[in-house]
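Chemist: Quick one: the structure is below, questions incoming.
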Amino acid sequence: MRALSFLATTFILAFILVVIVSCSGQKDNRLSSLPSVIRDQVEEALSVVQFSDTDRNRVRDAINNDPAGFAVLFSEVREIMKNDTDLLCRVDKQKALSAQYVPIDLVDLDGPFPYIVSKKGMKLRKPAQEALVRMAEMAKKDGIALVVSSAYRSYDYQKIVFEQNVNEMGRAEAERVSAVPGMSQHQLGTVVDFGSISDEFAGSDAERWLASNAGKFGFSLSFPKDMENITGYKWESW
């Protein structure tokens, strides 16, 4: 289970999942306003993701709505990838981490921070924790308390979680709601689960605030609604 990942997927896929729900509906799909090097990379990404032609065109429409802004964001993320490849490492049902992978800069979430922790001992990578602090500070100003319920998970811990789900619901269903060890974004140390870690979180004040503001701090919803055919996981609002 995971919710908001600190750029935990590749930039293109993360951007696509966002812009599909906010595209402008323009008809020019040529991406001609983008620099050629960026345009070529976008088109390459669009050619391999599991989207229909209609959805690919909707993505192009959204990019065309603000090509300059997209190019700036694209370049910023590429720079991050060059300096810290693990921070943007892709982890999903096709690409796994090794059992030995442990982020090198994990920090404790315990302390006098503006978020609430549901249990002691949770950790995140330092850049993700710093982004979480900034996000929680803004949420607090808006009267929203963000409760962190899960963060970094080791390979061994994820193995326990997954095997427990298999025992309770069978492997097929377990793979819809939890990751096979090595395929959990939590192992990256850049992922946070908020609140109840259940469907009850959907529609809560915290969920609505995160949906509107989390992207400002580099977080995105890993498993959006009606995207199971792409992500391989059921919708997780938390």
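The values are calculated or read from the model by the stated rules, or taken from the named source; none is laboratory data. Keep in mind the model is a prediction, meaning the values are calculated, not measured. Counting neighbours? That spans all protein chains shown, and the Cβs are built from the backbone with ideal geometry, glycine included.
Chemist: Does segment 107-123 hold any residues that are outside any loop (DSSP other than H, G, I, E, B) and either touching a Phe, Trp or Tyr at 6+ places or on another chain (Cβ under 8 Å) or β-branched (Val, Ile, Thr) (or both), and which are they?
Modeler: Those that are outside any loop (DSSP other than H, G, I, E, B) and either touching a Phe, Trp or Tyr at 6+ places or on another chain (Cβ under 8 Å) or β-branched (Val, Ile, Thr) (or both): 107, 116, 117, 123.
Chemist: On to the next question. Restricting to segment 86-110, count the residues that are modelled with pLDDT of 90 or more, more than 23 Å from residue 177 (Cα to Cα) and surrounded by fewer than 12 Cβ atoms within 10 Å (Cβ to Cβ).
Modeler: Residues that pass the stated criteria total 1.
Chemist: Also: Name the residue, out of 39, 2, that is modelled with pLDDT under 75, surrounded by 12 or more Cβ atoms within 10 Å (Cβ to Cβ), within 28 Å of residue 232 (Cα to Cα) and of a type outside the set (A, V, I, L, M, F, W, C).
Modeler: 2
Chemist: Among what's in segment 50-80 and is in a helix (DSSP H, G or I) and closer than 24 Å to residue 233 by Cβ, pick the residue that is modelled with the lowest pLDDT.
Modeler: 77
Chemist: What's the total number of residues in segment 141-179 that are outside any helix (DSSP H, G or I) and over 22 Å from residue 125 (Cβ atoms)?
Modeler: Within segment 141-179, residues that are outside any helix (DSSP H, G or I) and over 22 Å from residue 125 (Cβ atoms) number 5.
Chemist: Test of understanding: among 100, 129, which residue is part of a helix (DSSP H, G or I), more than 27 Å from residue 228 (Cβ to Cβ) and among the polar types (S, T, N, Q)?
Modeler: Going through 100, 129 in turn, just one is part of a helix (DSSP H, G or I), more than 27 Å from residue 228 (Cβ to Cβ) and among the polar types (S, T, N, Q): 129.
Chemist: Could I ask something else about it? For residues in segment 129-146 being touching a helix residue (DSSP H, G or I) at 6+ places or on another chain (Cβ under 8 Å) and under 15 Å from residue 219 (Cβ atoms), which is surrounded by the fewest Cβ atoms within 10 Å (Cβ to Cβ)?
Modeler: 134
Chemist: Looking only at residues in segment 188-238 that are aliphatic (A, V, I, L, M) and crowded, with 20+ Cβ neighbours inside 10 Å, which one is modelled with the lowest pLDDT?
Modeler: 221
Chemist: I need the full set of residues from segment 88-126 which are of a type in the set (A, V, I, L, M) and farther than 30 Å from residue 172 by Cα, in order please.
Modeler: Of everything in segment 88-126, those that are of a type in the set (A, V, I, L, M) and farther than 30 Å from residue 172 by Cα turn out to be 104, 106, 107, 109, 116, 117.
Chemist: Report whether or not residue 230 is in a helix (DSSP H, G or I), under 26 Å from residue 51 (Cα atoms) and not basic (Lys, Arg).
Modeler: So residue 230 fits the description; yes.
Chemist: Then there is this: Residue 206 passes all but one of (1) free of Cβ contacts under 8 Å to residues at least 60 places away in the same chain; (2) assigned to a helix (DSSP H, G or I); (3) among the small types (Gly, Ala, Ser); which number fails?
Modeler: So residue 206 meets the others, but not (1).
Chemist: Out of all the residues in segment 75-134, which are within 20 Å of residue 159 (Cα to Cα), among the small types (Gly, Ala, Ser) and touching a residue at least 60 places away in the same chain (Cβ under 8 Å)?
Modeler: Within segment 75-134, 96, 98, 99 qualify.
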